[in-house]
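Derivation of every value follows stated rules applied to the coordinates shown; laboratory data play no part. Predicted, not measured: the structure shown is a model, and the values here were computed from it. Here the Cβ positions follow ideal geometry from the backbone for every residue, glycine too, while neighbour counts run over all protein chains shown.
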Amino acid sequence: MAGRDFRKRMHDIIFEADTPKGKAFDILLFVTIVLSVIVVLLDSVSSIHEKYGAWLETIEWVLTILFTVEYMLRIYTVNSPVKYIFSFYGIIDFLAIIPTYIGLFIAGTHYLVVVRILRLLRIFRVLKLMRFVGAANSLKLALNSSRAKIIVFLEVIITIVVIIGSVMYLIEGPENGFANIPVSIYWAIVTITTVGYGDIAPQTIAGQTLASLLMIIGYSIIAVPTGIITTEIAFRSKRRTNTQVCQNCNFSEHDDDAVYCKKCGEKL
């Protein structure tokens, strides 16, 4: 019973942000993550590495050990460790510690620990307690709900750039820089996204006309995905959710008045 109570208390601290201890833990985690990323960035500067490389490496290892202990505690406190390990945050937490250990065998891979910055997504749970908008959760739900529309939109864009890129290859040809169809499709993608690197440009009137049409299309459709996601965010924002995480299944999208997990029925 004592062990179960300890697991429950540790779970509330590590996974929740509704309590003072949980909030303090998240803020400490936020500061530690930022410090870790700064250490990696500084270590990549040759002049700083030459003078303080040993100190930076020591700090990095201390932080990695702390993150490893935290990761093991997260696994220990949940009822279904496998679900956590293969969840989005579980994978991110694992990727946050593994590059340093791989660096013992493959030089340079420790720089990949900058992926730890993704863990800052957790801080939005704390900001929500400060009466800020829970933007991260709303965006995740909006993207998930609008994925079908976004996929259709991307299919249309891919179709357009493939067709116009192929036509541009026939019009301009290798002599004007359109060496093959993949290169022409690359030009079409750069043009329709309004990036316009200028490394490849049509020289003929027909090619310039087609390019102008593609640019206009780009300006016309650039707001489409924004509109899709914004509509979903507006809809989802009407729902009030809290920061409670189910100890059994790790589900975290509970309404404010929820007593039991809406996914598995476990008491929150």
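Some observations on this one:
- Scaled radius of gyration (Cα, divided by 2.2 N^0.38 Å) that the stretch 147-224 gives: 1.07
- Label point distance in nm, Ile91-Trp61, each placed 7 Å from Cα along Cα→Cβ: 3.1
- Counted charge near Val113, where neighbours are those whose Cβ lies closer than 15 Å (Asp, Glu -1; Lys, Arg +1): -3
- Distance in nm between pseudo-label sites at Val115 and Asp199 (7 Å out along the Cβ direction from Cα): 2.7
- In plain terms, the chain from Ser212 to Asn79 could stretch by 42.0 nm, reckoned as 0.36 nm per residue minus the Cα-Cα distance.
- Computed from label points 7 Å out along Cα-Cβ, the spacing between Phe153 and Ala54 is 5.4 nm.
- Added length on full extension, which subtracts the Cα-Cα distance from 0.36 nm per residue, Arg9 to Ala258: 87.7 nm
- Per-pair calculated FRET efficiency, R0 = 30 Å: Tyr219 and Asn176 via Cβ, rounded to 0.05: 0.80
- Number of Lys pairs (Cα under 27 Å; 8 or more positions apart or on different chains) in the stretch 2-131: 9
- Positive-end residue of Thr64, Tyr52, Asn79, charge dipole of the stretch 37-97 with Cβ unit charges: Asn79
- Under 14 Å, Cβ to Cβ, from Ser80 - net charge with Lys/Arg +1 and Asp/Glu -1: +3
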